[in-house]
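Working notes, structure below.
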Amino acid sequence: MMTTPMQFIDWLFGEGSELAAWQMGARALVVFFLALAMIRASGRRSFGQQSPFDTCITVLLGAVLSRAVVGASPFWSTMAAGVALVVTHRLVALASMRWQGFEDLVNGHEITLVRDGRMDEDAMRHALVSRKDLDEALRQQAGGVRLDEVERAVLERDGKLSIVRRRS
């Protein structure tokens, strides 16, 4: 018996949440390759920079695309939602490159916590960084230097602490 291509696709991927294991497997394979294409289209920064902006696409894309695998949402509608997220991420990244104020709004800005060996208590409180967090960064980033040996300590936009030693 001949089937139309649409009947074959319906048989292969199933419909709704009552899916056979092999239908979920087929969906997972297709979602994997479509997700790979979407991630490549969104650009390297979406998974490389790990800023809050980039984490949004990571979490949302995973959450949305997982619904297509398990049949919780219609397959192609879910793929369209994934593409919409990727396009939005790309447009926001392009706008951030063009307009500094928009980039600051999306990605935030760095906060100087230590300058010339002196801790800025207000900046530390604003950044929600404790003295123990700073001490840990001094050990890990700067080989255990003392605070008075630090020229600058900065909480970067991605949440990491950068330590710059004073020049001798």
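Okay, here's what the table says:
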read-out: Bins of 10 Å, starting at 0 and running to the largest distance - Cα pair percent for the stretch 99-168; value: 21, 51, 21, 6
read-out: Quotient of Cα Rg and 2.2 N^0.38 Å for the chain, N being how many residues it contains; value: 1.52
read-out: FRET efficiency for SER17 and ARG90, using Cβ-Cβ distance with R0 set to 35 Å, rounded to 0.05; value: 0.65
read-out: Efficiency of FRET from Cβ geometry, ASP158 and LEU29, R₀ 30 Å, rounded to 0.05; value: 0.35
read-out: Segment MET119-ASP148, length gained on full extension (0.36 nm per residue, minus Cα span); value: 9.5 nm
read-out: J(HN,Hα) series, the stretch 15-20, from Karplus relation 6.51 cos²θ - 1.76 cosθ + 1.60, nearest Hz, glycine and proline x; value: 9, x, 9, 8, 10, 6
read-out: Value of relative contact order over the stretch 25-100, rounded to a whole percent, pairs C-alpha under 8 Å and six or more apart; value: 33 percent
read-out: Stretchable slack from THR55 to MET6, in nm (0.36 nm times residue separation minus alpha-carbon distance); value: 14.0 nm
read-out: 5 angstrom amide H check on VAL150, placed H, neighbours 5+ away; value: GLY117, ARG166
read-out: Other-chain or far-sequence residues with amide H under 5 Å of VAL114's (modelled H); value: ASP120, ALA153
read-out: Spacing of the two label points (7 Å from each Cα toward its C-beta) at VAL70 and SER168, in nm; value: 5.8 nm
read-out: Solvent-accessible area per residue, Å², over the chain with all protein chains present [probe radius 1.4 Å]; value: 66 Å²
read-out: Highest-MSF residue in the chain out of LEU155, LEU85, LEU19 [GNM, Cα springs under 10 Å]; value: LEU19
read-out: Value of relative contact order over the chain, rounded to a whole percent, pairs C-alpha under 8 Å and six or more apart; value: 17 percent
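The values are calculated or read from the model by the stated rules, or taken from the named source; none is laboratory data. Values in this document were obtained by computation on a predicted structure and should not be read as measured data. Here Cβ is always computed from backbone atoms with ideal geometry, including for glycine, and neighbour counts include all displayed protein chains. Quick note on the areas: whole protein, heavy atoms, side chains included, nothing else; ligands and nucleic acids left out. Shrake-Rupley method; radii C 1.70, N 1.55, O 1.52, S 1.80 Å.
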